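The values are calculated or read from the model by the stated rules, or taken from the named source; none is laboratory data. Predicted model, so just to flag it, every value in this text is computed and none were measured. So basically every Cβ, Gly included, is an ideal-geometry build from the backbone, and we count neighbours across all protein chains shown. Note: accessible area is taken over every heavy atom of the protein model, side chains too, but ligands, DNA and RNA are not part of it. Shrake-Rupley method; radii C 1.70, N 1.55, O 1.52, S 1.80 Å.
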Amino acid sequence: MRILVVEDDADLGDAILRRLRREGHGVDWQRDGQSADEVLRYQSYELVVLDIGLPRKDGFSILRGLRQRGDRTPVLMLTARSQIEDRVDALDVGADDYLSKPFDFREFDARCRALLRRSQGLASGVTTLGGLVFDRAAKSATLEGVPLELPRREYRLLEIFIGNLGKTLSKDDIASQLFDFDDEAGSNAIELYVGRLRRKIGGAVTIRTLRCLGYVAEAHGSNG
């Protein structure tokens, strides 16, 4: 998924960035509130990890503007403030969840997974499509009980298709979720990853190419 991290603490921001990228997500990092607000006005994300105390514009102001524009992107707020009033304010302004610093990264991972599932309308972390079982928590996929060897980007591509079954995705749609701002994301790279993925998942999920439009994934039997 494409995730925006807004955190001014260099050490924490870098740790979150590396953690999320290791999970296979495309991640952008902004270190001040004003820059983050500007990015959110033109770039879509599946999740925003947003610190409250930021230079130039605080997290509450960013979130308030996001919701006033009708943007329902899930937001996980990070706060060094332990008072109940701050946590209540975060939820009232429109945060979907919050974590108080310092936090355990295992809990951070779990909360991110839950918000990403919710954004895709998925109740469970496990999706079964015919003989294909996709487990987000375990970061694994099996076909007829046999583990699939999926490098990070192929795993992420499969997650994108599973989260958008029946929907037409252009190459730009896929690239925006698969790559970071700094990555080279040519159309040939998308075709290469799609081709590799097709060969590995067999007929459980059919990825059709729509000329001049992109791709659409169709499942044969599903659960979750």
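Just to confirm the number: angle between the C-alpha axis of helix 105-119 and the first principal axis of the chain, 0 to 90 degrees, nearest 10? Orientation of helix 105-119: about 70 degrees from the principal axis.
Computed with a 1.4 Å probe on the full set of protein chains, the accessible area for residue 69 sits at about 90 Å². Taking square-rooted eigenvalues a ≥ b ≥ c of the alpha carbon gyration tensor, is the range 6-140 rounded, prolate or oblate, where a/c under 1.5 means rounded and, failing that, a/b exceeding b/c means prolate? Cα axes put the range 6-140 in the prolate bin. DSSP bridge analysis restricted to the chain gives an antiparallel fraction near 55%, rounded to the nearest 5. Once the Cα atoms are used to define both axes, helix 84-93 deviates from the longest principal axis of the chain by about 60 degrees.
Sorted by packing (mean other beta-carbon atoms within 10 Å per residue), highest first, where do 142-151, 92-101 land?
Working: 142-151: 12.9, 92-101: 16.7.
My ranking of the peptides, most packed first, is 92-101, 142-151.
Potential lengthening of the chain between residue 152 and residue 86 amounts to 20.1 nm, from the contour at 0.36 nm per residue minus the alpha-carbon distance. The angle between the Cα long axis of helix 10-22 and the longest principal axis of the Cα atoms of the chain comes to about 20 degrees, rounded to the nearest 10. Lysines within cross-link reach of residue 57: Cα-Cα under 29 Å, excluding same-chain residues under 8 positions apart? Partners within reach: 101. Counting only lysines at least 8 places from residue 200 when in the same chain, those with an alpha carbon closer than 30 Å to its own are 139, 167, 171. For the range 29-103, the solvent-accessible area of protein heavy atoms averages 47 Å² per residue (probe radius 1.4 Å; ligands and nucleic acids excluded). Toward the positive end of the charge dipole of the chain, with +1 on the Cβ of Lys and Arg and -1 on the Cβ of Asp and Glu, the farthest Cα among 210, 20, 160 is that of 210. The charge dipole of the chain, taken about its Cα centre with unit charges on the Cβ of Lys, Arg, Asp and Glu (plus for the first two, minus for the last two), comes to roughly 840 debye. Per DSSP H run of at least 4 residues, take -39500 (n - 2.57); add these up for the chain, divide by its residues and hand me the 222 nm value, nearest 500 deg cm²/dmol. Mean residue ellipticity, 222 nm, calculated: -12000 deg cm²/dmol.
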